[in-house]
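Structure record follows, encoded as structure tokens.
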Amino acid sequence: MNRARAAAAQIQVNQRLVRERDRQRSRELWRFLLTAAVLAVPVLGYVWQRVDFLRVSYHYERLQKERQTLLEQSEQLKVERATLMDHDRIERLARQRLGLVDPEPDDVRNVRLFDGRVGAVERTIEAGAIAAPIPVISKRPATAPPAGRNASGSAAGTRAKGRP
């Protein structure tokens, strides 16, 4: 037990002793750290640049694949639109599903539009063997028919000749 007390007493006695800094070693340490930092910063910058380049490259490739996919979808949609907009198909559907028929020759009006406005409405009048158009000029813009009338100009609720 004496040894334990002696060790404890020795520790207390040496507790006030302070080790003096070795300035030479301190300068060497700082010089080493500064040199390591000067060498490490460019290396870390290069590594960061390469990693960022790879990240951007992967993102670019993903965008290129997405662009290609969108171009293919666009082409498919153009083909589908052309199929759906085919005039023969639309006419066939109108005749089959809606029961539409060709209008009588007397019900046909030719309308010319100039800058979005009705410029002339022609109605063909047959005089013997010669059919001559009679132009009628209108200053009104092409809009919906007045209230109480349908698109053919007849009163609402009446039926056109030969139509259900």
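Could you list Glu61, Glu20 in order of exposure, starting from the residue whose Cβ has the fewest other Cβ atoms within 10 Å?
Values: Glu61 10, Glu20 6.
By the 10 Å Cβ count, ascending, the order reads Glu20, Glu61.
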Leu93-Glu72 pseudo-label distance in nm [points 7 Å out on the Cα-to-Cβ vector]: 2.7 nm
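Calculate, for Arg21 and Phe53, the FRET efficiency according to 1/(1 + (r/R0)^6) with r their C-beta to C-beta distance and R0 41 Å; round to the nearest 0.05. Let's see the in-between values first.
Values: r = 46 Å, r/R0 = 1.11.
Here the calculated transfer efficiency is 0.35.
Since every read-out is calculated from the coordinates, none of them should be taken as a lab result. Everything quoted here is computed from the prediction, not taken from an experiment. Note that we place each Cβ from the backbone using ideal geometry, even for glycine, and neighbour counts take in every protein chain shown.
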